[in-house]
1. For the stretch 132-161, give me the residue count where each residue is in contact with a strand residue (DSSP E or B) (Cβ under 8 Å, 6 or more places away or on another chain) and either assigned to a loop (DSSP other than H, G, I, E, B) or polar (S, T, N, Q) (or both).
2. Could you please give the count of residues in the stretch 28-57 that are surrounded by fewer than 10 Cβ atoms within 10 Å (Cβ to Cβ) and either hydrophobic (A, V, I, L, M, F, W, C) or more than 37 Å from the chain's Cα centre (by Cα) (or both)?
3. May I ask you to list the residues in the stretch 28-40 that are touching a residue at least 60 places away in the same chain (Cβ under 8 Å) and assigned to a helix (DSSP H, G or I)?
4. So A200 ticks every box in (1) within 16 Å of ligand 1 (Cβ to nearest atom); (2) closer than 25 Å to L9 by Cβ; (3) at pLDDT 80 or above; (4) not basic (K, R) but one. Which box is left unticked?
5. Consider C174 carefully, then state whether it is more than 30 Å from the chain's Cα centre (by Cα), in a loop (DSSP other than H, G, I, E, B) and not assigned by TED's automatic domain parsing to the domain that holds K107.
6. Can L142 be described as in contact (Cβ under 8 Å) with a residue 60 or more places away in the chain, surrounded by 15 or more Cβ atoms within 10 Å (Cβ to Cβ), more than 24 Å from I95 (Cβ to Cβ) and more than 16 Å from ligand 2 (Cβ to nearest atom)?
7. Can you find even one residue in the stretch 179-189 that is more than 16 Å from ligand 2 (Cβ to nearest atom) and of a type in the set (V, I, T)?
8. From the list L119, L96, which residue is surrounded by 13 or more Cβ atoms within 10 Å (Cβ to Cβ) and either closer than 22 Å to I40 by Cβ or basic (K, R) (or both)?
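The values are calculated or read from the model by the stated rules, or taken from the named source; none is laboratory data. Not measured: the values here are computed from a predicted model. FYI the Cβ positions are ideal-geometry reconstructions off the backbone, even for glycines, and counts take in every protein chain you see.
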Amino acid sequence: MPDAFNERLRLIRFRRKREHATFREELRIIPKWLVWTCIILYALALVIGLGVNLHGFQTGGAVFPGDESLRNEPVLSCAGLAAAITACALFLTLILCMFGYVYRDAKRRGMNAGLWTLLVLILSPAYLFIGLIIYLLVREPLPFTCPQCAATVNARFNFCPNCKYNLHPACPQCQREVADTDKFCPYCATELTHAPKPFAEPSTSSIPSTNS
Ligand SMILES: [Zn+2]
Ligand SMILES: [Zn+2]
């Protein structure tokens, strides 16, 4: 069982090597409405927080930070409160965007988006971003374009359903999948000669592949 799991992870890893998405492109997956909701909530929190604080100065009520040390420094008190609200807002936005990202990304990869978001959600109170890291390690590769007929094919397909093109080159000796950059089969050491172009870039990428 662990062997099968490792094998699966290895396949996922080198199929995913063909994705060249930049960080900026990845960020665009986060739903816009979520980002705007966070910004609006942040602005509201800032207005309400500062309003209550200023009201406290005028009426002698409670002011930030609560221990009366800045009672005679309204500007410093308000700046401190604004900084505290900003820090909280940034943290919450990061967490919310993480859920948004995992949900959207899992969906476009044909994974169980609800379940993965739930896992990240359950892990986040205790382990913060561990759920996201697990997700990033095991997520499925993106669908890509068939190099022969340009149909969009799932990364799990072995042959193009449209033109029967072999999407994942296999070792001729042991039939296990190999990377197009492998010179020898990593399982049985057979020398590999990839005569036809074995793989194409995923549909999201425009950067040519480099052997790194
Ligand atoms: Zn095809
Ligand atoms: Zn082999």
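1. 9
2. Residues flagged as surrounded by fewer than 10 Cβ atoms within 10 Å (Cβ to Cβ) and either hydrophobic (A, V, I, L, M, F, W, C) or more than 37 Å from the chain's Cα centre (by Cα) (or both) within the stretch 28-57 amount to 1.
3. Correct list: L34, V35.
4. A200 satisfies every listed condition except (3).
5. Considered against the rule, which asks whether it is more than 30 Å from the chain's Cα centre (by Cα), in a loop (DSSP other than H, G, I, E, B) and not assigned by TED's automatic domain parsing to the domain that holds K107, C174 comes out as yes.
6. So L142 fits the description; yes.
7. Within the stretch 179-189, not a single residue is more than 16 Å from ligand 2 (Cβ to nearest atom) and of a type in the set (V, I, T).
8. L96
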